[in-house]
Amino acid sequence: MALTQHPEKMRKGVIEDWHPEDKAFWEKTGQKIASRNLWISVPCLLLSFCVWMLFSAVAVNLNKVGFNFTTDQLFMLTALPSVSGALLRVPYSFVIPIFGGRRWTAISTVFLIIPCIWLGFAVQDTTTSYSTFIVISLLCGFAGANFASSMANISFFFPKARQGGALGLNGGLGNLGVSVMQLVAPLVIGVGVFAMFSGPGVVQPDGSRLWLENAAWVWVPFLLFFTFAAWFGMNDLAANKASLSQQLPVLKRGHLWLLSILYLCSFGSFIGFSAGFAMLSKTQFPDIVILHYAFFGPLLGALARPIGGALSDKFGGIRVTLINFIIMAIFSALLFLTLPENGAGGSFIAFYGVFMVLFLTAGLGSGSTFQMIAVVFRKITVDRMKAQGATDETAQKEAVTESAAALGFISAIGAIGGFFIPKAFGTSLAMTGSPAGAMKIFVLFYIACVLITWLVYGRKHNKQ
């Protein structure tokens with residue numbers, strides 16, 4: 001078959017046929033192509049997460065450069081990118097079979113230069129209105145939507161036995177962008193690396209200078225580079241072309257909504273804590289320079305995600321997810337013991353330690369729930385198609401399309417956590433002066449997800 005010899009020469013950048021479940025094809029041709037697409041997808045997704053969570057580092061410093069926003073307003077700026085990110089993940093979850101992974105990855109990556117450049121100029125002008133920052137933060141949400149299309153794209157390239165690991169790597173190393181941004185931003189804002197395009201920086205009380213624009217501009221050259229890498233190095237899979245009407249029936253599946261709740265619990269917690277942890281820490285422990293430590297939580301969560309996928313491939317996503325949610329419920333309850341009361345007491349070390357466990361388990365759970373999604377939707381789609389008399393090949397092809405659509409749509413629901421968690425913290429602090437009210441809601445939600453995982457998927461007759 002021509003594809004086995006020179007699959008990419010059939011049409012530039014487009015592979016006409018793709019059979020990852022064929023062991024001979026996979027070993028001779030498929031694995032190399034899939035790996036190349038994965039390792040270009042990873043940095044593109046990583047940069048997307050850097051841009052998506054920009055305001056988690058920028059908002060903490062806005063008042064230091066001359067703005068006068070309230071704590072609740074700053075929490076809102078950290079939360080809004082997740083609103084647009086979540087909403088846009090719905091259409092983004094369906095675009096890969098329509099436009100192709102190579103084209104869409106390049107287009108969606110280069111677009112992120114717009115909010116980065118705009119934010120860099122906006123923070124230098126103290127007359128910039130709050131509404132302008134709202135618009136920029138919503139534009140940063142486009143970066144969060146890239147996760148849906150990226151994961152759907154990678155799911156097409158790998159056989160089902162390797163999807164957990166591949167999606168875990170793509171999502172986990174992509175999630176690493178949150179940590180990379182929170183590590184790099186505090187470093188670059190203290191150095192005039194873009195002095196030719198900006199001013200002399202804002203003098204701080206200790207005599208140092210702050211170039212907050214650098215937190216946004218530093219990503220522009222990398223976005224340009226990996227846009228070209230995606231355009232010239234990735235592939236479109238013509239065999240997996242599908243119209244929107246062919247993908248929309250996935251919304252009728254009851255499991256779509258149940259698994260969305262579980263993914264909101266895991267990934268929603270990861271992205272929500274990533275967005276709000278720095279601001280929350282600043283309100284509870286103002287003497288701690290939290291940006292020196294904030295990056296470590298998202299780092300743990302991002303590194304844990306591929307481990308969650310790999311563990312799920314070996315032990316089953318249901319088992320890993322169930323244990324994970326139990327731990328999340330326990331440690332979210334322990335957080336109450338670490339908080340100060342009326343501005344006194346509390347332990348930052350204990351607070352930080354509990355949150356690190358929550359970041360770790362949220363990352364593991366993101367990988368395991370994604371593996372559950374792929375397995376569940378492949379099974380129910382194949383069973384349904386065969387019951388209708390379809391051939392195994394037709395059933396498998398439909399399962400790939402429906403699984404990819406489900407992965408993308410469920411990721412949209414999960415992203416809502418990036419808005420809900422920091423907004424809940426901000427509202428709870430504004431109403432009671434403490435984040436405890438928000439944490440009570442989170443504990444109850446985690447307990448509910450433990451019950452859903454066990455009752456729907458964990459009992460013996462429901463095992464994968």
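The values are calculated or read from the model by the stated rules, or taken from the named source; none is laboratory data. If you're wondering where the values come from, they're calculated on a predicted model, not measured in any experiment. Virtual Cβ from ideal backbone geometry, glycine too; neighbours counted across all protein chains shown. Note: areas computed on protein heavy atoms with side chains; ligands, DNA, RNA excluded. Shrake-Rupley method; radii C 1.70, N 1.55, O 1.52, S 1.80 Å.
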- [ ] Provide ARG102, ARG162 ordered by accessible surface of protein heavy atoms (probe 1.4 Å), highest first.
- [x] ARG162, ARG102
Open item on the list: Can you give me the accessible area per residue for the stretch 338-464, using a 1.4 Å probe, in Å²?
Closed with: 41 Å²
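Given axes a ≥ b ≥ c from the Cα gyration tensor, I'd like to know whether the stretch 308-347 is rounded (a/c under 1.5), prolate (a/b larger than b/c) or oblate.
In terms of gyration-tensor shape, prolate.
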Open item on the list: Once R0 is set to 25 Å, what does the formula 1/(1 + (r/R0)^6) return for the Cβ-Cβ distance between PHE99 and SER35, expressed as a FRET efficiency to the nearest 0.05?
Closed with: 0.65
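Tell me, what % of the accessible area of the chain is carbon and sulfur with a 1.4 angstrom probe?
Ligands and nucleic acids excluded, carbon and sulfur give 68 percent.
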- [ ] Provide the per-residue ³J(HN,Hα) series for the stretch 409-420, in order, calculated from phi with Karplus coefficients 6.51, -1.76, 1.60 and θ = phi - 60°, each as a whole number of Hz, with x at glycine and proline positions.
- [x] 5, 5, 5, 5, 5, x, 5, 4, x, x, 8, 4
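Going down the list LYS160/LYS440; LYS314/LYS423; LYS160/LYS423; LYS28/LYS314, which pairs span over 31 Å between their C-alpha atoms?
Check vs 31 Å cut-off fails for LYS160/LYS440; LYS314/LYS423; LYS160/LYS423.
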Task: the stretch 405-451: C-alpha gyration tensor shape, a/c 1.5 cut-off, then a/b vs b/c - done: oblate
Task: R0 of 56 Å, Cβ-Cβ distance ALA430-LYS379: FRET efficiency to nearest 0.05 - done: 0.75
- [ ] Select from the stretch 335-439 those chymotrypsin sites (Phe, Trp or Tyr not before Pro) which occupy a DSSP coil region and have at most 15 other Cβ atoms within 10 Å, ordered by residue number.
- [x] none
Open item on the list: Among ILE261, LEU62, GLY437, which residue has its Cα furthest toward the positive end of the charge dipole of the chain, with +1 on Lys/Arg Cβ and -1 on Asp/Glu Cβ?
Closed with: ILE261
Task: Residue-averaged 222 nm ellipticity for the chain, from DSSP H runs of 4+ at -39500 (n - 2.57), nearest 500 - done: -24000 deg cm²/dmol
Task: For the stretch 148-207 versus the stretch 318-387, the gap between their alpha-carbon centres in whole angstrom - done: 22 Å
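If you stretched the chain out fully between LEU451 and ASN63, how much longer would it get, using 0.36 nm times the residue separation minus the C-alpha to C-alpha distance?
135.4 nm
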Open item on the list: Quick check: with the 1.4 Å probe, what order do GLU21, GLU402 take by accessible area, largest first?
Closed with: GLU21, GLU402
Task: Stretch gain in nm, segment ASP392-PHE197, where the contour uses 0.36 nm per residue and the Cα spacing is subtracted - done: 64.3 nm
Task: For the stretch 201-209, Karplus couplings with θ = phi - 60° (6.51, -1.76, 1.60), whole Hz, Gly/Pro x - done: x, 9, 5, 9, x, 8, x, 6, 10
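Run the numbers on the chain and let me know its relative contact order in percent, using alpha-carbon pairs under 8 Å that are six or more apart.
On the way: 865 pairs, mean separation 114.5, N = 464.
After rounding, I find 25 percent.
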TODO: Counting only C-alpha contacts under 8 Å and six or more residues apart, can you give the relative contact order of the stretch 369-437 as a whole percent?
DONE: 27 percent
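Can you tell me, using C-alpha contacts under 8 Å and at least 6 residues apart, the relative contact order of the stretch 333-464 as a whole percent?
Normalised by residue count, the contact order of the stretch 333-464 is 20 percent.
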TODO: Positive end of the charge dipole of the chain (Lys, Arg +1 and Asp, Glu -1 on Cβ, about the Cα centre): tell me which of PHE133, GLY101, GLN163 has its Cα farthest that way.
DONE: GLN163
Open item on the list: Could you give each residue of the stretch 437-451 its phi-based ³J(HN,Hα) in whole Hz, using Karplus coefficients 6.51, -1.76, 1.60 with θ = phi - 60°, and x for Gly or Pro?
Closed with: x, 5, 5, 4, 5, 5, 4, 4, 5, 5, 5, 4, 6, 4, 5
TODO: Could you work out the Rg to Rh ratio of the chain, with Rh taken as the Kirkwood radius (inverse of the mean 1/r over all Cα pairs)?
DONE: 0.99
Open item on the list: Normalised radius of gyration for the stretch 271-386, please: alpha carbon Rg relative to 2.2 N^0.38 Å, two decimal places.
Closed with: 1.30
Task: Estimated distance in nm for a label pair at PHE336 and PHE111, the labels positioned 7 Å out from Cα along Cα-to-Cβ - done: 4.3 nm
Open item on the list: 5 Å is the cut-off here: which amide hydrogens, built 1.01 Å from N in the peptide plane, fall below it relative to VAL14, excluding neighbours closer than 5 in sequence?
Closed with: ASP236
TODO: Please list, in chain and number order, the residues 5+ apart from LEU210 or on another chain whose amide H is under 5 Å from its amide H, with Hs placed from the backbone.
DONE: VAL202, VAL203, GLN204
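State the extension gain, in nm to one decimal, for the chain segment bounded by VAL220 and GLN73, taking 0.36 nm per residue of separation less the distance between their alpha-carbons.
Full extension from VAL220 to GLN73 adds 50.2 nm.
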